[in-house]
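In what follows, a structure is listed as structure tokens, so that the remarks can point back to it.
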Amino acid sequence: MGNHCAHKRAESEMTGGWDITWPRYHGQMRDHAASMTPPNACTSSVEDDTRAGNSLPYGVVMATAGASALARACGLPALTAPLLALAIAQAVYIPLTGVWRQHRTWRAQWAMGSPSQLAGVHTVPLGLAVISGGLGDLGASDVAPWLEPVAIFSLVLAWVLTLVCIGRFAWSLMTRGMHLETVDGAWFLVPAALLGTGMATLTLADSGSVVWTWLALGSVLGGWAGYCATAIAAATRIRRCGIRGVAQAPWWIAMGCAGLAVAALGHLLHAHDPGPMLHAGLAAVMLATAVLAVILCVPIVGGSVRFLCLNCRFRALAAWPPTFSTAVFAFGCLQAGEVLSLPAFRWLGFGAGCATPVFWATTTGWNVAHHCANRMSGRRNGVE
């Protein structure tokens with residue numbers, strides 16, 4: 001426990017969300033306890049890795065695009081296009097301001113580091129994949145057919161970045177090894193990038209194209225296998241070390257990625273007929289993954305509610321993982337309800353889909369208010 005307190009002091013920086021540190025007197029008590037306790041492998045010095053890994057550059061893009069996609073399912077189709085346009089604007093604005101104002105931070109995101117340092121950047125291809133899927137849906141309609149080439153360009157860019165990001169992550173994993181104490185919810189973004197690009201490919205691809213079909217099939221199945229591997233690593237980490245020492249908000253992504261895997265499998269079964277044997281196998285995998293997503297939902301939501309009631313001091317920015325994870329969880333439940341003809345999942349998906357715009361509006365409002373308050377405070381201090 002030698003560096004346990006350092007983890008907690010840095011935790012609010014790592015989440016990019018609400019301050020999840022305990023009150024200061026608890027920190028002082030742990031500082032005293034840490035000086036009396038020998039180091040432990042599970043609380044080794046990993047704050048630099050987890051801080052970089054939990055920096056989610058396109059977290060807000062994923063949340064906004066997810067809310068756009070679910071607006072129609074929630075009976076608010078008029079919000080689909082405006083939210084998608086906002087997500088596109090965010091996707092353009094974030095890298096421009098990052099390069100202009102925070103080039104060091106973006107350079108750190110793309111520099112080769114440990115696996116934990118390379119996890120958060122997978123929000124970039126995943127956000128682009130969600131945008132391309134939304135553009136593809138609008139382009140396929142009579143409303144804006146000119147959007148289809150833009151959607152294809154976004155999908156190609158998402159594929160390039162997915163291969164680059166996953167390749168860098170795999171190379172780092174092979175050369176630097178995996179340390180269980182650094183595994184957290186952000187690691188689930190790696191298979192989520194494959195699942196998201198696979199779903200977008202199924203949305204945009206011609207059903208008669210063999211190349212696109214196999215690419216989508218390989219992406220979805222590879223993403224599902226990657227999710228299983230990440231889930232095993234995360235479960236081992238929790239069993240040995242608990243969930244302390246890393247940011248808590250990204251654990252929502254474990255639930256969201258399970259929902260994304262269900263949605264991707266549902267898209268695959270809906271778009272192509274794999275034959276009765278393979279169809280039955282994929283449906284069974286889809287059902288098992290959907291059940292896992294629902295099981296994960298209970299402790300994650302319950303733990304977050306407990307934290308907000310007991311520990312949250314509401315002094316920092318709100319985290320985006322709950323919003324975009326709820327969105328893809330809703331997608332998964334809606335797909336499971338439709339493909340497997342299970343009304344319970346359909347109602348779960350509808351409920352989560354209705355919660356997504358609420359989460360998005362709350363998080364956006366809080367972060368905008370926090371940003372304005374900080375700017376006013378800075379100006380007041382400058383005048384003084």
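Ranked by Cβ crowding within 10 angstrom, fewest neighbours first, how are M286, M62, M174 ordered? Present the calculation step by step, with values, prior to reporting the outcome.
Details: M286 24, M62 32, M174 10.
In increasing order of surrounding Cβ atoms, one gets M174, M286, M62.
Would you mind getting me the FRET efficiency between V305 and R72? Use the beta-carbon distance for r and R0 = 25 Å, nearest 0.05.
0.30
With a 10 Å Cβ neighbour count serving as the proxy for reagent exposure, in which order, fewest first, do L155, L308, L292 appear? Kindly include the intermediate steps, with their values, before the conclusion.
Numbers: L155 23, L308 12, L292 19.
Ordered from fewest to most neighbouring Cβ atoms within 10 Å, L155, L308, L292 come out as L308, L292, L155.
Would you mind putting 71-82, 188-199 in packing order, based on average other-beta-carbon counts within 10 Å, highest first? Provide the component values of the computation, followed by the final result.
Numbers: 71-82: 15.3, 188-199: 29.2.
Result, highest mean first: 188-199, 71-82.
A271 versus V358, label points 7 Å from Cα toward the beta carbon: distance in nm?
So the label points at A271 and V358 sit 3.2 nm apart.
State the answer as a single residue: which of C257, L163, V183 lies farthest towards the positive end of the charge dipole of region 144-265, with beta carbon charges of +1 for Lys and Arg and -1 for Asp and Glu, about the Cα centre.
The residue sitting farthest along the positive end of the dipole is V183.
Tell me the Kirkwood hydrodynamic radius of region 279-321 in angstroms, computed as one over the mean inverse distance between distinct C-alpha pairs.
Answer for region 279-321: a Kirkwood hydrodynamic radius of 12.8 Å.
Can you list the residues, at least 5 places off or on another chain, whose amide H is less than 5 Å from the amide H of Y58, using H built in the peptide plane?
Residues meeting the amide H criterion: T123, V124.
What ranking do 219-225, 254-260 get when scored by the average of other Cβ atoms within 10 Å per residue, highest first?
Descending mean neighbour count gives 254-260, 219-225.
Fewest first, what order do I88, I253 take by the number of other Cβ atoms within 10 Å?
So the ranking, lowest neighbour count to highest, is I88, I253.
What percentage of all Cα-Cα pairs in region 226-334 are separated by more than 17 Å?
More than 17 Å apart: 59 percent of the Cα pairs in region 226-334.
No value in this document is a laboratory result; all are computed from the given coordinates. Computed from a predicted structure; not experimentally measured. Don't worry about glycine lacking a Cβ; one is built from the backbone with ideal geometry, like all the others, and counts go over all protein chains shown.
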